Amino acid sequence: MLKIGVLGAGHLGKIHLRLLNQSEKYELVGFYDPLASNAEKVAQEFGYRVFKSVDALIAEVDVVDIVTPTLSHYECAVQAIKAGRHIFLEKPISNTVTEAEHIIALAKEYGVKGQVGHVERFNPAFMAVKNKINNPMFIETHRLAEFNPRGTDVPVVLDLMIHDIDAILSVVQSKVKEIHATGTAVISDSPDIANARIEFENGCVANITSSRISMKNMRKARFFQKDAYISVDYLDKICEVVKMKNAPEVPGDFDLILQNAEGVKKQIYYDNPEVASNNAILDELETFADAINNNTTPIVTLEDGTEALRIAHQIIDCFNK
């Protein structure tokens, strides 16, 4: 079992602590939180060991789980890497692309592994259809959330949209060609609603909408490709795959047949894979343990997290223009 410590005991940090404490792949050593009153409260309520400094925690673990505010990711990561510790970084990987690239360089220099917490990669609905997403040419996503003051210190692009950016980059095997985006600040000092159109060199287009001031929560994605339509509901953890194939010469009574102007007939059918039940956060943490123990590539690499951050900042730059 890998010894792991958690930096940050806020809302998400407490979830990580609980799951790591249950994990059979990690030994939870303890945590550090700069707010002494919160650290003491968490320690008393759950019985986790609290450390007095970041250095003290790093000295006793193999892996550092960084669940602090984004602005401190870089400093915490550098400290852990220079001590030879593997790092799990909550998304976004860091505040700037320059910081993220330095984290990658340091991890290579010190021979440690890193993973970024883009948890939707481990959403069971997305996992059930990812191998069926093949060369999509149009993608549309909606990630809408009711207002929550937590996270409003950054634009909605870094708070919410970056989840969809990462998922899209993981299935589109092409470089980004052009980005158009608009964003509006309604309650916060930074945009609360944003829409981005990402055009890839292979012709694929992704239309991404995010809002953190909606009346209801929604996290959906739709992928359109030749002879197939795939939808993913990240929130309700359901998916749908609609495919087309050449129609049989003698269709059945219940076959759904479409015919175009040239007379070509296609049969519509459903191919809905089973969605396995899982805990996405526990899965992302435990697959990182597997990558360390087996010396394999983590599912969401530091490079993946950096590329998602790069695109997110290009979208934000569109707002400023």
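The values are calculated or read from the model by the stated rules, or taken from the named source; none is laboratory data. Please read all numbers here as calculations on a predicted model, not as lab measurements. All Cβ positions, glycine included, derive from the backbone under ideal geometry; neighbour counts span all protein chains shown. Please note that ligands, DNA and RNA were not included when accessible areas were found on the heavy atoms of the full protein model with its side chains. Shrake-Rupley method; radii C 1.70, N 1.55, O 1.52, S 1.80 Å.
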All positions within segment 170-186 that are within 28 Å of Phe147 (Cβ to Cβ), aliphatic (A, V, I, L, M) and surrounded by 13 or more Cβ atoms within 10 Å (Cβ to Cβ): Ile179, Ala181, Ala185
In segment 222-247, which residue that is open to solvent by 50 Å² or more (accessible area, probe 1.4 Å) and farther than 18 Å from Phe138 by Cα is modelled with the lowest pLDDT? Lys245
Neighbours by Cβ (under 8 Å, 6+ apart or cross-chain): first from segment 67-95, on the phi > 0 side of the Ramachandran plot; second part of a loop (DSSP other than H, G, I, E, B): Gly84/Gly111; Gly84/Val112
Looking at (1) free of Cβ contacts under 8 Å to residues at least 60 places away in the same chain; (2) in a helix (DSSP H, G or I); (3) in contact with a strand residue (DSSP E or B) (Cβ under 6 Å, 6 or more places away or on another chain), which is the one condition that is false for Met161? (1)
Out of (1) open to solvent by 30 Å² or more (accessible area, probe 1.4 Å); (2) within 18 Å of the chain's Cα centre (by Cα), what's the single condition that is false for Val129? (1)
Taking segment 204-221 and keeping only residues that are assigned to a loop (DSSP other than H, G, I, E, B) and either surrounded by fewer than 16 Cβ atoms within 10 Å (Cβ to Cβ) or of a type in the set (A, V, I, L, M, F, W, C) (or both), one is left with Cys204, Ile213, Met215, Lys216, Asn217
Within segment 42-94, tally of residues that are more than 22 Å from Leu160 (Cα to Cα), in contact with a Cys (Cβ under 9 Å, 6 or more places away or on another chain) and buried (at least 24 other Cβ atoms within 10 Å of the Cβ): 2
Is it fair to say Glu120 is under 30 Å from Ile230 (Cα atoms) and either crowded, with 22+ Cβ neighbours inside 10 Å or touching a residue at least 12 places away in the same chain (Cβ under 8 Å) (or both)? yes
Restricting segment 273-321 to residues that are in a helix (DSSP H, G or I), open to solvent by 50 Å² or more (accessible area, probe 1.4 Å) and among the polar types (S, T, N, Q), the residue that is nearest to Ile162 (Cα to Cα): Gln314
